[in-house]
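Just so it is clear, none of the values below were taken in a lab; they were calculated from the coordinates. Remember, predicted model here, so these are calculated numbers, not experimental data. Don't worry about glycine lacking a Cβ; one is built from the backbone with ideal geometry, like all the others, and counts go over all protein chains shown.
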Amino acid sequence: MLYRAVVMSALLSLASGCTLLPPNAKAPPTASATSSPTASPSQSPSASASATASAALVEAASPPFHGGEVAVAYKTVALTTTGGVQPYAWTLGAGALPNGLSLGTDGHVTGTPTKAGHFSFTIVVSDSGGGKASLNGSATIVSALTANFLRACGSAGKCSVEQGCNSACGGFGYQGGGSAPYSYNLTGGSMPTGTYQYGLSLAGKFTTTGTFNFKATLTDGYGATASLSPTFTVFPHISVAGATITCFYPGCGGASNYPPAALAYTGGSGTPSARVSSWKFVCDPSPAGCGVRPAPTVSVAGGSASITVAGSAGGSGYTGSFTLTLTDGSLCAAGTHCSVSATVNVVVQRG
């Protein structure tokens, strides 16, 4: 009877659509009647599958080229570009770079200029995608810096100056080429006493005789240098001392047996010129007097001034004085040659 009851219960459960579970089993969660399957998100195309557009190839707008100097290494120019497809390659499209410079395919301009001048050119850059861009450029190359001795100092730089010269006779060299700004420096030796370097010359007053050697170095705006090593010989200033000349009644140089008076001078250069000025005379007391006495005359040769003095007249002697000025061929100031002056007294005896 018990068995029949169990069987009947099972049959009723199946008939009602229910699921018969084993003992102690849990029922699965019941799906909601309103739930619907969740749609999976749509797939977007991958980056590798889409085409990437590159920006147009553009070269630098401002030309980066600068000037230079023959024999001075050119500061490297690195060309740049944007856009396009790397790698890039640079070539010369038109014109010519300065002699001695070259353009690498990496866009670097390098080298050392070998010729002065103004150069215009066009640079072309190409990318790996076939794009191209160009840039016009130019560069001015100046001649190499040079320094040479003045003609007065000769090719060996032997310069002679008279003692006492002041800022008018110290030039020793001149320059060429290069580019400003320039600087000048003493890089060896000693300059003449009383002077200082002013460009490729000496300024100041040459106060001491002797021989002086030094080295002057010139530097330009590109860093190029040129040097000169002159030798300055400072010789004594022209000199003459005042004196008293005594002549017999016929004067000095007025007759063959009465020679001119001689007055020695030293220093200076070459044969100086002579000038007589400020002549004045006084006759000795005498009823006859001495008449009007002309100023002495002077000629110069071989380190001596030869002075001719007029004789007396009327039997009376006279005394006088004048200023003798000797001027040589060397400059002692701008536009002024070296000179010396002395007072010479004259005594002409009675007849």
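Listing W90, W279 from the residue with the fewest other Cβ atoms within 10 Å to the one with the most, what is the order? Write down the numbers at each step before the final one.
Numbers: W90 20, W279 15.
Fewest to most other Cβ atoms nearby, the residues stand as W279, W90.
Add +1 for every Lys or Arg and -1 for every Asp or Glu among the other residues with Cβ under 15 Å from the Cβ of F212, and state the total.
The answer is +2.
For a Förster distance of 30 Å, can you work out the FRET efficiency between the beta-carbons of S227 and T336, rounded to the nearest 0.05?
Once rounded, the FRET efficiency stands at 0.40.
At a 10 angstrom cut-off on C-beta neighbours, averaged per residue, how do the peptides 152-165, 74-87 rank from highest to lowest?
152-165, 74-87
So what is the relative contact order for segment 58-142, in percent, with contacts set as C-alpha pairs under 8 Å and at least six apart?
38 percent
Short version: ³J(HN,Hα) in whole Hz for each residue of segment 317-328, in order, from phi by Karplus 6.51 cos²θ - 1.76 cosθ + 1.60 (θ = phi - 60°), x for Gly and Pro, what are they?
Per residue, the Karplus-derived 3J(HN,Hα) values read x, 7, 10, x, 7, 8, 9, 9, 10, 10, 10, 9 Hz.
Scan segment 250-351 for trypsin sites (Lys or Arg not before Pro) in coil per DSSP, keeping those whose Cβ has at most 12 other Cβ atoms within 10 Å, and list them by number. It would help to have the intermediate numbers written out before the result.
On the way: sites: R275, K280, R350; in loops: R350.
Qualifying residues, ordered by number: none.
If you find the alpha carbon centre of segment 83-110 and of segment 213-229, how far apart are they in angstrom?
Each part's Cα centre sits 35 Å from the other's.
If you put +1 on each Lys and Arg Cβ and -1 on each Asp and Glu Cβ, how big is the dipole of segment 81-231 around its Cα centre, in Debye rounded to 20?
Charge dipole of segment 81-231: 380 debye, to the nearest 20.
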